[in-house]
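For reference, the structure discussed in these notes is given below.
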Amino acid sequence: MTVKGALFDFSGTLFRIESTESWLRTVLERSGTPVPDEEVVRYARGLEEAGALPGGAPPLTVPPHLEEVWAVRDRSAELHRAAFTGMAREVPLPRPELYDALYDRHMEPAAWRPYPDAPEVLGELRRRGVRMAVVSNIGWDLRPVFRAHGLDPLVDAYVLSYEHGVQKPDPRLFRAACDALGVDPRDAVMVGDDRRADAGAAALGCRVQLVDHLPVDQRPDDLRAVLGLLPDATTTL
């Protein structure tokens, strides 16, 4: 297999969302909502257990009334917002407008940090002639995040679930990415952190490389393993 294309997941692979407490504190401060520190910590714990932060920890449980929308949350912008604000509303907060403000905050480039090795790995793949796509289960346009952090010039295509109406592990999303790059799936590698969703690329013949979804300061160099798959621009695996 000749590696000509690399598909990358977004959250937990190239970028990591801020902590739940940082997310909540930012919104509380902006809204001028005074909350004692111990209450902030309690609210943040509840939101994390609820899985209310997109890109953060998964929910401990999904309430029955949210199961249907949660299962298809990445198929449209409306479903994504409804699912995550619904999960957040399982935690009583001081003001009702905070739920939408929290959702809006997570879409800001400042809420995201690239993993330390992401610029190096994407830059080296570009130097070696490998075409790259971001393939993400998501309900909003992540392109501004890449632009803000200087990585957009290294990405050839963005294939986002809400723009296609399908979500990983559906092979159609990976097929769309390979088509956008002009590469055969058998000549592509999918890099992601979700052993179910991202491994769906294997159905098309893509190689799958998994990384751990960890905080940025705990995962400095996992992406570099991708470079080991192609020691030069014409590496045959």
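The values are calculated or read from the model by the stated rules, or taken from the named source; none is laboratory data. This is a predicted model, so every value here is computed, not measured. Note: ideal-geometry Cβ built from the backbone for every residue, glycine included; neighbour counts use all protein chains shown. Side chains included, ligands, DNA and RNA excluded: accessible areas come from the protein's heavy atoms. Shrake-Rupley method; radii C 1.70, N 1.55, O 1.52, S 1.80 Å.
Observations
- Counting only strands (runs of 3 or more DSSP E) wholly contained in segment 80-179, the ones carrying 3 or more residues that are open to solvent by less than 60 Å² (accessible area, probe 1.4 Å) and modelled with pLDDT of 95 or more occupy 131-136, 157-160.
- If only residues of segment 200-220 that are more than 24 Å from G129 (Cα to Cα) and part of a helix (DSSP H, G or I) are counted, the one that is farthest from the chain's Cα centre (by Cα) is A203.
Okay, residues lined up against (1) in contact with a strand residue (DSSP E or B) (Cβ under 7 Å, 6 or more places away or on another chain); (2) more than 30 Å from A202 (Cβ to Cβ); (3) at pLDDT below 95; (4) surrounded by fewer than 21 Cβ atoms within 10 Å (Cβ to Cβ):
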position	(1), (2), (3), (4)
V3	yes, no, yes, no
D9	yes, no, no, no
F15	yes, no, no, no
E21	no, yes, no, yes
L24	no, yes, no, no
E29	no, yes, no, yes
G32	no, yes, no, yes
A50	no, yes, no, no
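- If you go through segment 52-70 and keep only what is assigned to a helix (DSSP H, G or I) and open to solvent by less than 50 Å² (accessible area, probe 1.4 Å), you end up with L66, V69, W70.
- Segment 183-204: number of residues that are surrounded by fewer than 21 Cβ atoms within 10 Å (Cβ to Cβ) and farther than 24 Å from R75 by Cα: 3
- Filter result for P58 (out of contact with any Gly (no Cβ under 8 Å at 6 or more places or on another chain), free of Cβ contacts under 8 Å to residues at least 12 places away in the same chain and of a type outside the set (D, E)): no
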